[in-house]
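The values are calculated or read from the model by the stated rules, or taken from the named source; none is laboratory data. Predicted, not measured: the structure shown is a model, and the values here were computed from it. Cβ atoms come from the backbone with ideal geometry, glycine included; neighbour counts cover every protein chain shown. Ligands, DNA and RNA are excluded from the accessible area calculation, which covers all protein heavy atoms including side chains. Shrake-Rupley method; radii C 1.70, N 1.55, O 1.52, S 1.80 Å.
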Amino acid sequence: MIFDILTLFPGMFSGPFDESIIRRAKDKQLIDILFHNIRDWATDRHQTADDSPYGGGAGMVMKPEPLAACIESVKAMHKTSSVVFTSPHGRPLTHRIAMDFAEKPGLIIVCGRYEGIDERIRSLYADDEISLGDFVLSGGEIAAMALVDSVTRLIPGALGSLESAEYDSFSDGLLEYPHYTRPPEFKGLSVPDTLLSGNHELIRKWRRKESLRKTRTLRPDLLSQVMLTREDRNMLIEIEQEKHCDL
Ligand code: SAH
């Protein structure tokens, strides 16, 4: 999969993309990440990429011409890629969206800066707009990093044999169960007995129930969107009863 990243600050990406899973995915040629400095497409002597907003007010707006030229040149190279704008106005990024993107041949990710991008560029070129959440970042670069990371780990072969996205939070619509590692007791807190039992079926049930409990407690909104099995529903009844016992 090819990620083209259009940015005024390509230097921000060295580091996050040079370690761990992303680096390995690049080494294995599962992904390729190409950077395009929008400023290189400005034609004036000062390579201006921004201008003051029509109607007045604070801040600057990214000029349409360099961005249009940059997007068109990248699209001509990677015709089947989708153009995704990073924006607080976009669809909030979810596991579902990352899964859909992981099946695409490529993404052209546009990083805004300043007050944002001239609206005409969005109407002309955006296939999609993605937000990291209801807050404002200083630029789209961190959103692009989150997008590339969340999509890459879903590409088959990107995770090593000891890592797995199968049970990660959201993959089955629920938050993942809690994790423990050695030692069995730490600052007076013990690892749940079931996890030390070696009984795989009991461990599976414990994990499923704790996944349901975590989701019910922390993100009850997710539960209403999940297809629950009969076992799940019974576990939720038990969780409810245990809650009353605790009171
Ligand atoms: N003035 C705009 C915010 C611009 S922030 C507004 O109030 O809506 C500058 C750039 O940062 C945006 O163009 C976008 O690319 C990026 N950005 C800011 N917040 C973001 C978010 N929540 N998700 C994704 N990208 C974001």
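I want the local charge near GLU166. Using Cβ-Cβ distances under 15 Å, sum +1 for each Lys or Arg and -1 for each Asp or Glu among the other residues. In short, 0.
Length gained on full extension, LEU30 to THR80, computed as 0.36 nm times the residue gap minus the Cα-Cα distance: 16.3 nm. Highest GNM mean-square fluctuation among SER81, SER190, SER73, for the chain modelled with Cα contacts below 10 Å: SER190. Quick one: Debye curve from the alpha-carbon atoms of region 2-152 only, equal weights, vacuum; give me log10 I(q)/I(0) at q = 0.09, 0.14, 0.19 Å⁻¹ to two decimals. Debye curve over Cα of region 2-152, log10 I(q)/I(0) at q = 0.09, 0.14, 0.19 Å⁻¹: -0.27, -0.65, -1.21. Surface analysis of the chain yields an accessible area of 60 Å² per residue, using protein heavy atoms and a 1.4 Å probe.
Compared with the direct C-alpha span, the chain from SER190 to ILE239 gains 15.6 nm at full extension, assuming 0.36 nm per residue. The alpha-carbon of LYS209 sits under 17 angstrom from the alpha-carbons of these lysines, leaving out residues fewer than 8 places away in its chain: LYS243.
Full extension of the chain segment joining MET99 with PHE135 gains 10.6 nm, where the gain is 0.36 nm per residue of separation less the Cα-Cα distance. Label point 7 Å out from LEU228 along Cα-to-Cβ: which residues of region 163-199 have amide N under 14 Å? Within reach of a label on LEU228: 174-175.
Among residues other than ASP128 with Cβ under 12 Å from its Cβ, the summed charge is 0 (Lys and Arg +1, Asp and Glu -1). Of GLU19, GLU185, GLU141, the residue with the greatest mean-square motion in the GNM of the chain, using alpha carbon springs below 10 Å, is GLU185. The simple Förster model, with R0 at 41 Å and r as the Cβ-Cβ distance, assigns ALA68 and ASP221 a FRET efficiency of 0.55. Proximity of backbone amide H atoms, modeled 1.01 Å from N, is registered between ASP4 and LEU34, LEU107, ILE108, ILE109 at under 5 Å, excluding neighbours fewer than 5 places apart on the same chain.
Centroid-to-centroid, using Cα positions, region 68-113 and region 192-247 are 37 Å apart.
So what's the net charge close to MET1: Lys and Arg +1, Asp and Glu -1, counting the other residues with Cβ under 10 Å from its Cβ? Cβ neighbours under 10 Å give a net charge of -1.
Comparing ALA69, ALA165, ALA58 in a Gaussian network model of the chain (Cα springs below 10 Å), the most mobile by mean-square fluctuation is ALA58. Extents of region 95-246, largest first, come to 59, 35, 33 Å (Cα atoms, principal axes, whole angstrom).
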